[in-house]
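Notes for the one structure printed next.
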Amino acid sequence: MIRINNFNLPRIIGHRGVKNLFPENTIESILAAFKLGLDCVEIDVKISKDKVPILMHDHTLDRTTSGSGFAHLHRFEDIKKLDAGSFFYKKKTNCLVPTLEEVLKLFVNTNKILNIELKPSNSLEKDNVKEIFKLTSKYDSVPIYYSSFDLKSCLELISINKNAFCGLILDSFNDCGLSQLIALSKKNNFYACGLNKKIITVDVVRELIEKKIIVTVYSDKNITNNEAKELWNMGVQSIFSDDPTSLLNNF
């Protein structure tokens, strides 16, 4: 993958598709984000036991599928039989756990950006990144931004391709302070960083921007119009939205 000179994350990114409107990390949720007009969608990706990159946020299958147990201990031929929509609709559905390749095919010739959050399980960072990048390298036309809470995953990706757009995500500054985040980002040529809204301040954003590090923001709850406006005014590049309907209608 070659860095695209005009690569630019949009102001609104659909979180796990649009997770408050449709079952997260499903084809239905991604297509709904497209229909709403979003130019970027975030998904969570990890490998199955047979190393197939699939969309799955949690370590286990329990919360979002009709299955149970660690995702990386199940083969995809079994995972693909699970219901990935019943947790959302509270009834049996035809929603399935998609593969990353299925999703990549949706993005071809759309000019839309895919944000892949690297979600390794049980020390599978290298295998996870290796398999994901092996697949995404076949889809060079799709602009991809990689991100992760796991520093090892980010470093592994950059070791494979120093030109990859990548960024570290932080829920707090307890284990990684702001100065350390800046140092890591500059040293490893990270494109951006993702921060929980609860640790965002004017000074934090200003310092990151001064160091030419793009700031994205997520929240445990859907970000409101007023919160979004305040974040954008601070200089935040992108916010992750679970339901962007109101934002799209008002900005």
Residues located in segment 97-141, provided they are closer than 16 Å to ILE27 by Cβ and open to solvent by 90 Å² or more (accessible area, probe 1.4 Å):
LYS105
Filter result (over 27 Å from LYS229 (Cα atoms), out of contact with any helix residue (DSSP H, G or I) (no Cβ under 8 Å at 6 or more places or on another chain) and in a loop (DSSP other than H, G, I, E, B)) within segment 175-207:
ASP175
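If we scan segment 163-170, do we find a residue that is in contact with a Phe, Trp or Tyr (Cβ under 7 Å, 6 or more places away or on another chain) and part of a loop (DSSP other than H, G, I, E, B)? I'd like the intermediate steps shown before the answer.
The initial filter retains those residues of segment 163-170 that are in contact with a Phe, Trp or Tyr (Cβ under 7 Å, 6 or more places away or on another chain), namely 164-169.
Of the ones still in play, those that are also part of a loop (DSSP other than H, G, I, E, B) are 164.
Yes.
Yes or no: LEU114 part of a loop (DSSP other than H, G, I, E, B) and either of a type outside the set (D, E, K, R) or in contact with a Cys (Cβ under 9 Å, 6 or more places away or on another chain) (or both)? Give the steps one after another, and end with the answer.
Details: part of a loop (DSSP other than H, G, I, E, B): no; either of a type outside the set (D, E, K, R) or in contact with a Cys (Cβ under 9 Å, 6 or more places away or on another chain) (or both): yes.
No: the conditions fail for LEU114.
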Do we have SER29 as in contact with a Pro (Cβ under 7 Å, 6 or more places away or on another chain), of a type in the set (Gly, Ala, Ser), surrounded by 20 or more Cβ atoms within 10 Å (Cβ to Cβ) and free of Cβ contacts under 8 Å to residues at least 60 places away in the same chain here?
yes
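If I filter segment 204-214 for residues that are under 18 Å from LEU21 (Cβ atoms) and open to solvent by 30 Å² or more (accessible area, probe 1.4 Å), do I get at least one hit? Working first, answer last.
Within segment 204-214, the subset under 18 Å from LEU21 (Cβ atoms) is none.
Checked against the condition, which is being under 18 Å from LEU21 (Cβ atoms) and open to solvent by 30 Å² or more (accessible area, probe 1.4 Å), segment 204-214 yields no hits at all.
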Limited to segment 96-154, what total is found for residues that are within 19 Å of ILE213 (Cα to Cα) and among the aromatic types (Phe, Trp, Tyr)?
3
Can you pull out the residues in segment 52-96 that are more than 21 Å from HIS15 (Cβ to Cβ), buried (at least 17 other Cβ atoms within 10 Å of the Cβ), in contact (Cβ under 8 Å) with a residue 24 or more places away in the chain and not β-branched (Val, Ile, Thr)?
HIS72, HIS74, PHE76
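So which residues in segment 164-187 are over 20 Å from GLU210 (Cβ atoms) and either over 18 Å from the mean Cα position of the chain (by Cα) or open to solvent by 70 Å² or more (accessible area, probe 1.4 Å) (or both)?
Going residue by residue through segment 164-187, those that are over 20 Å from GLU210 (Cβ atoms) are 164-166, 169, 171-172, 174-175.
Correct list: ASN174, ASP175.
The values are calculated or read from the model by the stated rules, or taken from the named source; none is laboratory data. All figures in this text were calculated on a predicted structure; none of them were measured in a lab. Here Cβ is always computed from backbone atoms with ideal geometry, including for glycine, and neighbour counts include all displayed protein chains. All accessible areas refer to the heavy atoms of the entire protein, side chains included, with ligands and DNA or RNA removed. Shrake-Rupley method; radii C 1.70, N 1.55, O 1.52, S 1.80 Å.
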